[in-house]
Structure formats: structure tokens, C-alpha cells
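Engineer: Got a structure here, written out as C-alpha cells. Questions coming.
The values are calculated or read from the model by the stated rules, or taken from the named source; none is laboratory data. On a predicted model such as this, the values are computed, not experimentally measured, just so you know. Virtual Cβ from ideal backbone geometry, glycine too; neighbours counted across all protein chains shown. Side chains are part of the model used for accessible areas, which takes the heavy atoms of the whole protein and leaves out ligands, DNA and RNA. Shrake-Rupley method; radii C 1.70, N 1.55, O 1.52, S 1.80 Å.
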Amino acid sequence: MKQRKGLLIILDGIGDRPIKDFGGKTPLEYAETPNMDKLAKMGILGQHDPIKPGQPAGSDTAHLSIFGYDPYKVYRGRGYFEALGVGLDLSRDDLAFRVNFATIENGIIVDRRAGRISTEEAHELAKAIQENVKLPVEFIFAGATGHRAVLVLKGMASGYKVGENDPHEPGKPPLEFTWEDEESKKVAEILKEFLRQACEVLEKHPINEKRRKEGKPPANYLLIRGAGIYPNIPIKFTEQWKVKAAAVVAVSLVKGIARAIGFDIYTPEGATGEFDTDEMAKAKKAVELLKEYDFVFLHFKPTDAAGHDNNPKLKVEMIEKADRMIGYIIDNIDLEDVVIAITGDHSTPCEVMNHSGDPVPLLIAGGGVRPDYTESFGERECMRGGLGRIKGHDIVPIMMDLMNRTEKFGA
């Protein structure tokens, strides 16, 4: 029996709701997507709930579920994955946080992403904080992707029950750090002191002086959240399925998840995770890796960012950008030898400007697939597709069966 390769493409936050200006169509339905539509006609469509119906999922818990893990058992906070994603080697005793560079004015958060500050600027600011902040414990502060950063407090995992200072929407003051026990109280006090010193560094840094002169929001504050400790991964993806797996990804969080479950990580030059990401660099790398690896995961972030920004037109542009990426891939592989799944980790409707519990469009095509009668890739077509409505953790087993890599249960 011939074994096939697998390609899982996650278009982050792809699901949406009807847009009035698009005649009631969603961004995915409105966009020109000839390559995904081609796959839809030759494949099978459906919907999936990343965790369960009506439950908005974080990017971390959604990806864990899609890769086959129960997030309620495995997940121990986002920060640890973020730290793994920027290449840090952590111990089981370390406590990690996800951090946003943000803009604060008169005690109010006016921009949670500091005008989507560039990765280069954020890394330079992070370096200055690492060099100038002094704490009673060893720490690591490193820039991640775009406005994101990572904070690691060495040996402080026992204090993980600490709250965050992120109000999660602009126009509000930052929250006070809270705690549930004495160890977490120590962490909260350390975070408060870290924040005080870091803001002093940020306020006078040349990058922020330059941003102010250019009329851009300064990155003069830090939003610290997502306390995370060593995840409870029972078995790596690569061991469970006996495959050699690679990930093409730029975003640190998703890098960290893929790294934690056994994937080799590749970030081609020009892949940024932002709106300017080089989609063709990702496409070419995926094609290249399919020659060497059994299973390739490709992550595309900017569709999600456009939803968070409530920018339907930009989301359409990013979907069309992703379609060009997919077009290059299918033009350069033998679809009889590869099973392709295209979906999102969650829905990010523009009207919500955040993740929602709406089901996510799903397409599976390639060798072995029994096609349905759908004609295009969109939310409504997916509702009538042959896959029906499944759970996120069903996607990989379906792919592996089509790849002829599953084992029979029973005699």
C-alpha cells in the first residue's frame, strides 16, 4: 500500500461572518481564490470546531487541538510556547510570559500593539530592556514577532498562578497583577518591578523618540500575560504518527507549539508573520520540504491580523495572497501523492475583532480523497460539504488515513 505525504495549511483566523459591504458575503467568499476553489472542486469540504461548538479558541489551544491534543489536559499557559518559539531552551522550573509592546497615554492603553511596531524595532527595544533592567532573579527578555516579546523568569514556575496587566482592549487602564498564593505573589512583585524599570528604558529610548517625531505610537509600555509552564505533552506528534515532520512558520507562538510536538522548524527569508510576509518564500519552502518530510505544516498569519484590525478589505487581500501561495504549491507537487488540508485555527470575524466560536471552513484534497459536489471554498459551501461538522482534533487522523498511515483497530 502506497503511503502519501501530508500538507496541512493553516490560514490563521480565516473564518468570518457576512460583511454588509460585500453583499453579505464573508471575506473568504468575496475573495478571488481560483486555486483553493480548484481544490474544493476536486476535494471534500466541511467545517470544524477547534475545541467545541461555540467555544472561542486561542491560537495556542486551537493548534494543540488540531494536532490531536486535548488542550484541557495539555495546556499550561501560552508563555512557555512563545519562549520555545523564539529559540529559548527552558527547564521545567521556568515561568514564561507573552508580552506586547504597547502605547500608554495618561494611564490609559491607547494601542495594545504600539502601532504594530516592526520586529526589528521590538528586538532592539527588548535588548535595551535586557541590558538595563536589574531584578533579584535571573530573567530573559527577548523580542519575538512584530509587537510581541517573551519574558522568562528562571526557576519561578511554582508562582505561575499570577494574573496579567492586559485589559485586552484599548481605552482602559492596565490591570494590576494579581496572585492566588504566596509563590505567585512573589512573581507579581517581580513583574511590577520589571515593568517599572522597563518603562523607564522605553520612555527615553531613541526608537520611541523617532516614532514620536514620525507621528507613530511609541512602544512605551508592556502588556504581560499568558503565564506558562512546561506543557503536559504525553507523546510527540512525530512519535505518535511515526512521521518525519516539518513546519514552515514565522510566528513565535506557533513555532513553539510545533517545536514542542517534534516538528523541525523552518522560517524562510522574508517570512515575517505580518502583512508584508513573503508568501512565495513559504510556498517554495513547503514544496522543497515535501521531498524530504512525510508531513509538512504551513502557517499563514496575516488573515488573522486583518480580522483583529476590523479590516475586511485587507483580509480579502491577505486571503488572495494566501491563494497565490497555494497556487504555487499545487503547481509544483503531484496531487496524487500528497493529501492537502486547508483550514484555519479559529474564526476571527472582523466585527468581533477577536476570536469567536464560529466553526472554521475546512478543505481536504489530493490523493485518496472522495470528492463531494461543492464548487468553491467558503463558509456556506463548507456547510454543505461531505465532511460535515467535525472537531479540530479529527483533522489529522482523517489526513493520516488518506495518507495510508493509520492502523486498524480490532481483529
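Engineer: Could you tell me the ratio Rg/Rh of the stretch 178-305? Both radii from Cα atoms, Rh via Kirkwood.
Structural biologist: 1.10
Engineer: What lysines could a cross-link reach from K210, if we take a straight Cα to Cα line under 20 Å and drop same-chain neighbours fewer than 8 places away?
Structural biologist: Filter leaves K127.
Engineer: What is the distance, in nm, between label points placed 7 Å from the Cα along the Cα-to-Cβ direction at K73 and at D276?
Structural biologist: For the pair K73/D276, the computed spacing is 4.4 nm.
Engineer: Let me ask something else about it. Of all accessible surface on the chain at a 1.4 Å probe, what whole percent is carbon and sulfur?
Structural biologist: Solvent-exposed carbon and sulfur of the chain make up 48 percent of the total.
Engineer: Using the alpha-carbon centroid of each, what span in Å lies between the stretch 142-160 and the stretch 222-241?
Structural biologist: The distance from the Cα centre of the stretch 142-160 to that of the stretch 222-241 comes to 14 Å.
Engineer: A follow-up question, please. Past 25 Å, Cα to Cα, is the threshold; run K242/K285; K73/K242; K284/K313 against it and keep the listed order. All intermediate terms of the calculation are to be shown ahead of the outcome.
Structural biologist: On the way: K242/K285 22 Å; K73/K242 22 Å; K284/K313 27 Å.
With Cα atoms farther than 25 Å apart: K284/K313.
Engineer: Using the heavy atoms of the protein chains alone and a 1.4 angstrom probe, what is the accessible area of the stretch 194-279 per residue in square angstrom? Can you show the working numbers first?
Structural biologist: Details: 3590 Å² over 86 residues.
Per residue, the stretch 194-279 has 42 Å² of solvent-accessible surface.
Engineer: Okay, moving on. Suppose the chain between R324 and R92 were pulled fully straight at 0.36 nm per residue; how much longer would it get relative to their current alpha carbon spacing?
Structural biologist: Length gained, R324 through R92: 79.4 nm.
Engineer: Considering the values [x] 20.5; [y] 17.6; [z] 23.1, which represents mean projected area of the Cα convex hull in nm² as calculated for the structure under consideration?
Structural biologist: [x]
Engineer: Now for a different question. Can you list the aspartates and glutamates whose alpha carbon is less than 14 Å from that of K213, not counting same-chain residues fewer than 8 positions off?
Structural biologist: Excluding near neighbours in sequence, the set is E203.
Engineer: From zero up to wherever the largest Cα-Cα distance of the stretch 337-411 sits, split into 5 Å bins and tell me the percent of pairs in each.
Structural biologist: 3, 14, 22, 22, 18, 10, 6, 3, 1, 0, 0
Engineer: How high is the FRET efficiency between E214 and K244 when r is their beta carbon distance and R₀ equals 51 Å, given to the nearest 0.05?
Structural biologist: After rounding to 0.05, the efficiency reads 0.65.
Engineer: Right, next: Any lysines with Cα under 18 Å of the K134 Cα? List them, leaving off those in the same chain fewer than 8 positions away.
Structural biologist: Straight-distance partners of K134: K154, K186, K192, K204.
Engineer: Once you have the Cα-Cα distance between E124 and K185, take 0.36 nm times their residue separation minus that, and quote the gain in nm to one decimal.
Structural biologist: Full extension of this stretch gives 18.9 nm more.
Engineer: Putting +1 on Lys and Arg Cβ atoms and -1 on Asp and Glu Cβ atoms, find which of F101, G77, I117 reaches farthest to the positive end of the dipole of the stretch 73-122.
Structural biologist: Positive-end residue among those listed: G77.
Engineer: Which whole number of Å³ per residue matches the convex hull of the alpha-carbon atoms in the stretch 30-151?
Structural biologist: 211 Å³
Engineer: Still on this structure, please answer the following. To the nearest 20 debye, what is the magnitude of the charge dipole of the chain about its Cα centre, counting +1 on the Cβ of each Lys and Arg and -1 on the Cβ of each Asp and Glu?
Structural biologist: Numbers: 55 positive and 63 negative charges, 76 e Å.
Around 360 debye, computed over the chain.
Engineer: By per-residue mean of other Cβ atoms within 10 Å, what is the highest-first order of 2-15, 368-381?
Structural biologist: Details: 2-15: 23.6, 368-381: 17.9.
By packing density, highest mean first, the sequence is 2-15, 368-381.
Engineer: Each label point is 7 Å from the Cα along the Cα-to-Cβ direction; what then is the distance between the points at R384 and E138, in nm?
Structural biologist: So the label points at R384 and E138 sit 6.2 nm apart.
Engineer: In nm, to one decimal, how far is the modelled label at M353 from the one at K154, with both set 7 Å along Cα→Cβ?
Structural biologist: 4.0 nm
Engineer: Roughly speaking, what % of Cα-Cα pairs in the stretch 89-159 are separated by over 22 Å, rounded to a whole number?
Structural biologist: Summing the P(r) tail past 22 Å for the stretch 89-159 gives 29 percent.
Engineer: Now for a separate question. About the Cα centre of the stretch 73-153, what is the dipole size in debye to 20, counting +1 per Lys and Arg Cβ and -1 per Asp and Glu Cβ, all else neutral?
Structural biologist: Dipole magnitude for the stretch 73-153 comes out near 420 debye.
Engineer: Whole number in Å², please: accessible area per residue of the stretch 359-411, 1.4 Å probe, ligands, DNA and RNA not counted. The partial results should precede the final answer.
Structural biologist: Values: 2750 Å² over 53 residues.
Dividing the accessible area of the stretch 359-411 by its residue count gives 52 Å².
Engineer: At 1.4 Å probe size, with no ligands or nucleic acids counted, give the accessible surface of S91 in Å², nearest ten.
Structural biologist: Solvent-accessible area, nearest 10 Å²: 50 Å².
Engineer: Still on this structure: Given a 1.4 angstrom probe, what's the average accessible area per residue across the stretch 69-193, in square angstrom?
Structural biologist: On a per-residue basis, the stretch 69-193 sits at 46 Å².
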